[in-house]
Amino acid sequence: VHYLLLSAPWSVLCYYAEELQLRVPLEALPRQTSNWSASVLRRLGIPSLMAQEVPNLPLDYYTCPFKANKLRWFLGSDEQDTFFSSTQRHQILYEILATTQYGHSKEWEVGVDRLLSENVFTAAFPLHEARPPSPTLCLSLQGPYKLRLEELAAGSLSQRQVLFQYWASWGKWRKYQPLDHVRKYFGEKVAFYFTWLGFYMGWLLPAVVVGTVVFIAGIFLMFNDIPSQEICRSKEQYWMCPLCKTCTYWQLSKICSTFMAGRLFDHGGTIFFSIFMSLWAVLFLEFWKQTNASLAHHWDCSEFEDIEERPRPQFTAMAPMTAINPITGAEEPYFPKCSRLHRILAGSMVIIMMIAVVVMFAVSVILYRAVVAILFSSLGYFWFAASASCIASVTGSVVNLIFILILSKIYISLAHFLTKWEMHRTQTKYEDAFTFKVFVFQFVTFYSSPVYITFFKGKFVGYPGNYQSFLGIRNEEASGCFIELVQELLVIMVGKQIINNVQEVAIPKLKCWWHKHKLLSSKKVVKEGESVLVEQPPWVMDHQLLVFEGLFDEYLEMVLQFSFITIFVAACPLAPLFALLNNWVEICLDAQKLVCDYRRPVAERAQGIGIWFSILEAITHLAVISNAFLIAFTSDFLPRMYYQYIHDSSLHGYVNFTLAYALWDFVLQSNATCRYRAFRDQDGNLTLTYWQLLAIRLGFIIMFEHVVFFIGHVIAWLVPDIPESVEVKVKREQYLAKEALVENKVGCGSS
């Protein structure tokens, strides 16, 4: 393997820094506390267990876009080796490599990415920062990020070593993240992800506390629930109708344990927790807006997407024409909007076809459940007959999870191709388009089964003597409680999280080991009959690491998790707890991968978390509607309230109230009577109770949505998107920057 170590002379750095509008320091600012909880605890005189002293803390500056003819007015301009940060040097070199033509065809033979895809080069990457020079220590094969603190003074740590010791170590799981260090080393895009993830974890704490209390309340209610006691003590009182033509009658008392388990999640606390989580999601997003605005100002990227973001190098290389940018007035590559729209529409048709494939798989899982339920019900054993629906639901969930993982891999590759073909101008627009495609697909894939169980399963069964079928198979029965939905959510949410975490631990380690094994085997030399390993330079060690492929998978995993704990939170109050435990592991794994297992990525600027915020807002609104329908049509809460108000406040006789008698024709044919869950008379007609409950359910949905949306809008109105202190600070810093450079007339901003 041959290595080319590239660097740029001072004149080239200055030219491209002005071309890329890189911001450089103008004046140093006093350091301010970034964690509001730390400042509150300090004022109260309470020591913070999460605080830590991190060395080499980056300074704050007033900054301006670089101007070569105003060089002497910038801070540190006399130190050419350190004036531009390492991340800025990486950005300049990547811009040169990505836009340089290497062949005769301007349309295709441009940029290092094309050369990488054609295997002309095997890799192109910035170097991780090596250990600072020391007369007592040398680089070891363990990697330059590892060290023994007793041998190396804290002040001489490299940025990578600081991140490893104070961020990527498992012992730092309860400490504040050194986000300014992350931003300085990896760029704003990576820093915003970890900031959002930490912010999300902090906001999960109140949801975990309330959800755990609701779950514990469900335990007490489960043992004191009158309908549960009636079912468990009924013995042979309630004989239920067969679940299929060849199935036998079965006793309702056989589902005692399943019904009691459902009471853990289906009780009055569900209503409170649903409202709480709906308002929690609104508050979470409103306060994230404030945090995002503060950090965008602090990191000097609040105007990046609107003014400063340049066209993607790949777009620059493949655009068929040029046009004047209406904002900057500069001529730049251009792709006609009409042509892009046609490509987007064509890609949308492909997406719809893939979603149709997902629906076909979902239907196949539904048919699988129905067949398994019939097979187990026809075995003749009471336990199998009573548990047939649960067995079919659990195994169907596992099959569905396997389908999800397989289809996801296929579709992500297709989405990459379609998004490149659409020719989006900037990296932000490219990533937003790709994110939207994949999320829509993943959303349909993940939620098709839970939505079916919640809103459709058991709603179109029919009744004894007139059962409805689909493709010749009788429609599935519903268990009448949340337990099936809980099983589905736990299998998909917890199962996917476990699989993802195992993959994130095992796969990078195995890939690194195999890559190092192949490279190191070629570095051994024979000396006096023995195999000796040659000491390796930093670029060889970095080449042994894995390629950083972006944060899309991490964002997607967290946003899908956010969907689970908001859209179906009424069915599983412990979902926030599982999410918090997973995220503690996730943040450590992601940090370790970036610092230890991946090559250093080219630092990218960003103004926030991009289109993910809009997706989170859509999920928050959908969660309110979903929980309203979930409580109204899947939960027993409203029927119980109706029975308590109309018949008996103690719920004695509620089980008999929810069961109908088989039709006269069915009884005459089978010469036996049985019960089934419905509000029908023995002629098969819906009773007045059914219509009264339907009106109550629809009224509850309207009232629930209006109350929650109203409170959410009030909260959004009371909480400003940009904190007043930040607005004042921006105006003050802009005034001071203008005063400082009034005679130079350099347009400046601040950080």
TODO: Filter region 244-271 down to the residues that are in a loop (DSSP other than H, G, I, E, B) and open to solvent by less than 40 Å² (accessible area, probe 1.4 Å), then identify the one that is modelled with the lowest pLDDT.
DONE: Cys244
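Would you say Ile216 is crowded, with 17+ Cβ neighbours inside 10 Å and assigned by the TED database to the domain that holds Cys596?
Considered against the rule, which asks whether it is crowded, with 17+ Cβ neighbours inside 10 Å and assigned by the TED database to the domain that holds Cys596, Ile216 comes out as no.
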TODO: Would you be able to say whether some residue in region 683-690 is among the acidic types (Asp, Glu), over 30 Å from Asn292 (Cα atoms) and either at pLDDT below 85 or outside the structural domain of Ala660 (by the TED database) (or both)?
DONE: yes
TODO: Assess whether Ala362 counts as being touching a strand residue (DSSP E or B) at 6+ places or on another chain (Cβ under 6 Å), assigned by the TED database to the domain that holds Thr395 and touching a residue at least 24 places away in the same chain (Cβ under 8 Å).
DONE: no
Task: Failed item in (1) more than 30 Å from Arg114 (Cβ to Cβ); (2) modelled with pLDDT of 80 or more, with Gln442 passing the rest - done: (1)
Open item on the list: Go through (1) assigned to a helix (DSSP H, G or I); (2) under 20 Å from the mean Cα position of the chain (by Cα); (3) closer than 30 Å to Asp113 by Cα for Ala618 and report which single condition fails.
Closed with: (3)
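Considering only region 711-731, how many residues are open to solvent by less than 50 Å² (accessible area, probe 1.4 Å) and of a type in the set (Phe, Trp, Tyr)? Spell out the reasoning first.
So the first thing to find is which residues in region 711-731 are open to solvent by less than 50 Å² (accessible area, probe 1.4 Å), and the list is 712, 715-716, 719, 723, 726, 730.
Checking the rest, the ones that are also of a type in the set (Phe, Trp, Tyr) come to none.
Counting residues in region 711-731 that are open to solvent by less than 50 Å² (accessible area, probe 1.4 Å) and of a type in the set (Phe, Trp, Tyr) gives 0.
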- [ ] Hey, can you tell me all the residues within region 67-85 that are open to solvent by 50 Å² or more (accessible area, probe 1.4 Å) and polar (S, T, N, Q)?
- [x] Asn69, Gln80, Thr82
Open item on the list: Could you list, ordered by first residue, the pairs with Cβ atoms under 7 Å in which the first is in region 20-49 and farther than 29 Å from Tyr94 by Cβ and open to solvent by less than 30 Å² (accessible area, probe 1.4 Å) and the second is at pLDDT below 65 and part of a loop (DSSP other than H, G, I, E, B), at least 6 apart or interchain?
Closed with: Ser39/Thr33
TODO: Give me a count of the residues in region 584-622 that are over 30 Å from Arg89 (Cβ atoms) and small (Gly, Ala, Ser).
DONE: 2
Open item on the list: Considering only residues that are small (Gly, Ala, Ser) and not in a helix (DSSP H, G or I), which ones fall in region 548-583?
Closed with: Gly550
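Yes or no: region 83-91 includes at least one residue that is over 32 Å from the mean Cα position of the chain (by Cα) and farther than 21 Å from Cys301 by Cα. Walk me through it before giving the result.
Initial filter on region 83-91 (over 32 Å from the mean Cα position of the chain (by Cα)): 83-84.
Add one more test, that the residue is farther than 21 Å from Cys301 by Cα, and what stays is none.
No.
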TODO: Residues being within 21 Å of Ala570 (Cβ to Cβ) and open to solvent by less than 10 Å² (accessible area, probe 1.4 Å): count how many of those fall in region 583-619.
DONE: 2
Open item on the list: Can you report the number of residues in region 492-535 which are modelled with pLDDT of 70 or more and on the phi > 0 side of the Ramachandran plot?
Closed with: 0
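If you take the residues of region 642-655 that are open to solvent by 40 Å² or more (accessible area, probe 1.4 Å) and out of contact with any Phe, Trp or Tyr (no Cβ under 8 Å at 6 or more places or on another chain), which of them is nearest to Met240 (Cα to Cα)? Let's see the steps before the verdict.
Taking region 642-655 and keeping what is open to solvent by 40 Å² or more (accessible area, probe 1.4 Å), we get 644-650, 652.
The next check asks that each one be out of contact with any Phe, Trp or Tyr (no Cβ under 8 Å at 6 or more places or on another chain); those that pass are 644-646, 649-650, 652.
Details: Gln644: 25, Tyr645: 27, Ile646: 26, Ser649: 26, Ser650: 25, His652: 20 Å.
Only one residue fits best here, namely His652.
Count, please, the residues in region 81-101 that happen to be closer than 24 Å to His181 by Cβ and part of a loop (DSSP other than H, G, I, E, B).
As a first pass, look at region 81-101 and keep what is closer than 24 Å to His181 by Cβ: 81-94.
Now drop any that are not part of a loop (DSSP other than H, G, I, E, B), which leaves 81-85.
The total comes to 5.
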Task: Single condition Cys138 does not satisfy, out of (1) modelled with pLDDT of 85 or more; (2) more than 28 Å from the chain's Cα centre (by Cα); (3) not small (Gly, Ala, Ser) - done: (1)
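Within region 683-700, which residues are under 30 Å from Pro242 (Cα atoms) and open to solvent by 50 Å² or more (accessible area, probe 1.4 Å)?
Initially, region 683-700 is screened for residues under 30 Å from Pro242 (Cα atoms), giving 683-694, 697.
If the condition is that a residue be under 30 Å from Pro242 (Cα atoms) and open to solvent by 50 Å² or more (accessible area, probe 1.4 Å), then Asp683, Asn685, Leu686, Leu688, Tyr690, Trp691, Gln692 are the ones that fit.
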Open item on the list: Can you confirm whether Ala662 is in contact with a Cys (Cβ under 7 Å, 6 or more places away or on another chain), more than 30 Å from Phe164 (Cβ to Cβ) and either modelled with pLDDT of 90 or more or small (Gly, Ala, Ser) (or both)?
Closed with: yes
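Taking the stated definitions as given, is His104 modelled with pLDDT of 80 or more and not in a strand (DSSP E or B)? Before the answer, list the steps.
On the way: modelled with pLDDT of 80 or more: no; not in a strand (DSSP E or B): yes.
When the stated conditions are applied, His104 does not pass them.
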TODO: State yes or no: is Glu604 of a type outside the set (A, V, I, L, M, F, W, C), out of contact with any Leu (no Cβ under 9 Å at 6 or more places or on another chain) and touching a residue at least 60 places away in the same chain (Cβ under 8 Å)?
DONE: yes
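A quick yes/no check of all residues on (1) loosely packed, with under 14 Cβ neighbours inside 10 Å; (2) under 30 Å from Tyr249 (Cβ atoms); (3) not acidic (Asp, Glu):
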| position | (1), (2), (3) |
| --- | --- |
| Val624 | no, no, yes |
| Thr634 | no, yes, yes |
| Arg640 | no, yes, yes |
| Val667 | no, yes, yes |
| Ala672 | yes, yes, yes |
| Tyr676 | no, yes, yes |
| Ile702 | yes, no, yes |
| Phe709 | no, no, yes |
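The values are calculated or read from the model by the stated rules, or taken from the named source; none is laboratory data. Quantities reported herein were computed from a predicted structural model and do not represent experimental measurements. So basically every Cβ, Gly included, is an ideal-geometry build from the backbone, and we count neighbours across all protein chains shown. Accessible surface areas use protein heavy atoms only, side chains included; no ligands, DNA or RNA. Shrake-Rupley method; radii C 1.70, N 1.55, O 1.52, S 1.80 Å.
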